Amino acid sequence: MKKILLGISLLTTLSIACKVKATKENTSKENVKPTENKTAMQEVENIENKTLGKVSHRYRTAGCNTVIEVKLEEGEIQTLIPKDKLSQEFDVDGIELYFNFLVLRMPQPEGCKIGQPAEITDIVKKK
C-alpha cells in the first residue's frame with residue numbers, strides 16, 4: 001500500500017512540474033513581437049544553406065568582367081564566373097554576398113582563363 005501511495009504522489013509531482021515549465025515557455029514566447037520574430041526568421045532563411053562569396057573585378061584586364069570568390073574550408077579560393085551579368089546592386093567590387101550557385105559545363109568567356117562559369121541565384125547582400 002505504501003508503494004502505491006508513493007508512486008501516485010511521485011506521478012502527481014512530475015505532472016505538476018511539467019505543467020509549470022510549459023507555462024513559463026509559453027509566456028516567454030508571447031513577449032516576443034511577431035513582426036520582429038518574422039523579420040529575424042526571414043533573414044535566417046535568406047542566408048541559410050547559402051554560400052558566402054566576395055565580388056571581385058581584379059581579373060577585368062584578363063578578360064573576366066566580374067567574378068565571385070568563395071573561400072573553401074581547405075583555405076583555397078574558388079572563383080566563380082557568373083553566367084548572367086549581376087545587377088548593379090550586387091556588381092560592386094568587394095561586396096560580400098550570400099547566394100546559391102551551380103557550376104556549369106560551358107567554356108569560359110573569351111580571354112578569361114581564371115574560374116568556373118556558374119549560374120548564380122538567390123543573391124542576398126551580407127549585412
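Just so you know, all these numbers are worked out from the coordinates, no wet-lab data involved. All figures in this text were calculated on a predicted structure; none of them were measured in a lab. Quick reminder, even Gly has a Cβ in these numbers, built from the backbone with ideal geometry, and neighbours come from all protein chains shown.
For the residue pairs Lys50/Lys113; Lys83/Lys127; Lys50/Lys83, the alpha carbons lie more than 20 Å apart in Lys50/Lys113; Lys83/Lys127.
Each of Cys112, Cys64 was scored by other Cβ atoms within 10 Å of its Cβ. Listed from fewest to most, they are Cys112, Cys64.
Annotation: extensible slack from Ile95 through Glu74 equals 5.3 nm (criterion: 0.36 nm per residue apart, minus Cα-Cα distance). Extension gain for the segment His57 to Asp122, taken as residue separation times 0.36 nm less the Cα-Cα distance, is 21.3 nm to one decimal. With semi-axes defined as the square roots of five times the eigenvalues of the C-alpha gyration tensor, the equivalent ellipsoid of the range 50-125 measures 17, 14, 13 Å, largest first.
Put a dot 7 Å past the Cα of Ile8, heading toward its Cβ, do the same for Val103, and the two dots end up 7.0 nm apart.
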